[in-house]
Amino acid sequence: MTLLSNHAFEQLRQIPLYVPGKPIQEVQRELGLESIVKLASNENPWGPSEAVKARVIKAATGSQDEGLGLYPVSDGFYLRSAIARRRGFNLGQIMLGNGSSEIIEMAAKAALLGGGSGVAPRHSFAIYGIATRTAGGRFIECPSSPAAIDVDAILGAVQLDTRIVYLGNPNNPTGVLLEREGLARLVRELRDDILLIVDQAYAEYEDPETYPDAATFLDERSNLLVLHTFSKIHSLAALRIGYAVGHLKLIALLERVRSPFNTNMLAQVAAEAAVEDYAFEAFSRARNTEARQAFLAEAANHRCQVSGVAGNFVLLESALPAPELFKDLLKAGVIVRPMQGYDLPNHVRVTLGKPEEMRAFWAAAAPVLDNAGCGCR
Ligand SMILES: Cc1ncc(COP(=O)(O)O)c(C=O)c1O
């Protein structure tokens with residue numbers, strides 16, 4: 001037996017590779033196109049804000065106590081303080097990650113130490129399964145439709161050995177939101193020895209008055225971990241930073257699986273400025289709502305089916321196999337995300353971009369969809 005055929009590596013081979021959105025530079029290289037529109041990774045095209053950029057430049061060109069030659073503040077004290085202030089939590093309830101993906105991995109590593117299983121609905125963010133399995137756990141996908149999150153199916157999929165449950169709210173890639181009543185039932189009925197991750201990466205795109213924030217349950221449930229990211233509405237995807245909010249004792253334990261200096265200095269200072277930037281957040285939310293309304297109207301014109309309407313993206317179902325539509329759009333310089341790997345063979349996910357980007361999308365997509373007789377369902 002060689003190293004790569006031993007038991008661990010054999011298991012690793014069975015775990016699917018995460019396929020990210022195709023980068024602009026790669027498409028330019030491969031197709032020799034100048035003008036590319038990327039609507040593939042749910043980034044915010046409007047930012048980051050000027051205040052955030054200025055803070056990053058200041059830090060990058062910084063002095064003795066804030067420069068690129070120094071390790072960052074390992075526990076992100078200043079950023080965590082800013083988040084705690086804005087959100088009304090204790091500092092000790094906040095943990096930072098190199099993107100919220102890293103927090104998902106840390107949570108899985110902690111919860112599945114010694115084995116067990118993790119549960120998530122079908123058609124959820126791929127990292128839930130990958131994190132579970134690379135932590136040595138068994139991954140259970142419970143039945144789910146692209147149109148709704150089924151709390152009973154999640155609760156029903158839980159096994160005796162289940163240690164972690166994941167819920168994206170809104171869910172990526174379906175754009176479906178679980179309303180407060182369903183969320184309350186999940187939070188209250190899930191066994192309290194199971195870690196419940198509520199991933200709120202797209203929460204800030206929803207109306208703050210009505211969004212069912214899982215953090216409101218933190219006082220009654222200590223097995224709950226609520227995740228946010230700076231990659232989406234704050235437009236800091238390149239810097240890789242996100243945070244989790246949970247019970248003091250849970251966060252203190254999770255610290256044991258966090259690598260020292262896991263979030264870098266530029267990310268910390270940028271996020272610190274972003275946390276205070278209410279105006280940019282409101283601006284981005286408003287542009288996203290406009291883009292979504294325009295998209296839904298256009299999709300109806302082309303008799304296309306969309307799933308949920310939350311987040312900064314739309315899941316579009318067509319008569320064409322996803323890889324085919326993806327390739328047709330790519331030829332026109334428009335990158336979307338084909339969803340066949342998420343058990344959605346005829347769906348592509350389209351990030352809501354600037355008006356000119358959406359015009360480029362429809363200019364490329366409309367003839368293809370109309371030609372295919374898009375009126376699916
Ligand atoms: C539902 C969901 N959670 C988490 C993430 C991870 O974001 P990041 O690692 O950039 O914070 C994403 C990214 O697309 C996502 O869609």
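Where a number appears in this text, it was derived from the coordinates with a stated rule and is not lab data. Here the structure is a predicted model, which is why all the values come from computation and not from measurement. Cβ placement follows ideal geometry from the backbone for every residue including glycine, while neighbour counts extend to all protein chains displayed.
What the table shows:
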quantity	calculated
Whether segment 50-276 is rounded, prolate or oblate, judged on the alpha carbon gyration tensor where a/c under 1.5 counts as rounded	prolate
Segment 28-52-segment 219-237 distance, computed between alpha-carbon centres (Å)	24
Entries of LYS38/LYS232; LYS22/LYS232; LYS38/LYS327; LYS22/LYS331; LYS109/LYS232 with Cα pairs more than 20 Å apart	LYS109/LYS232
Highest to lowest packing among 195-203, 84-92, scored as the average C-beta count within 10 Å	195-203, 84-92
Size of electric dipole in the chain: Cβ of Lys, Arg +1 and of Asp, Glu -1, about Cα centre, debye, nearest 20	500
Ranked by how many other beta carbons lie within 10 Å on average, peptides 24-33, 295-304, 5-14, 352-361 from highest	352-361, 295-304, 24-33, 5-14
Mean Kyte hydropathy of 0.0 or more with a Cα span along the axis of at least 18 Å, helices from DSSP in the chain	355-372
Cut-off 11 Å between beta-carbons: net charge of the residues surrounding LEU344, Lys and Arg +1, Asp and Glu -1	+1
FRET efficiency for THR210 and PHE261, using Cβ-Cβ distance with R0 set to 25 Å, rounded to 0.05	0.05
FRET efficiency, SER81 to ASN371 (Cβ-Cβ, R0 56 Å, nearest 0.05)	0.50
Residues in segment 156-189 reached by a label modelled at ARG138 [backbone nitrogen below 19 Å; 7 Å Cα→Cβ]	156-166
Cβ crowding within 10 Å averaged over residues, with 278-286, 159-167 ranked highest first	159-167, 278-286
Segment 285-354: proportion of alpha-carbon pairs further apart than 21 angstrom, %	21
Spacing of the two label points (7 Å from each Cα toward its C-beta) at LEU253 and THR61, in nm	4.7
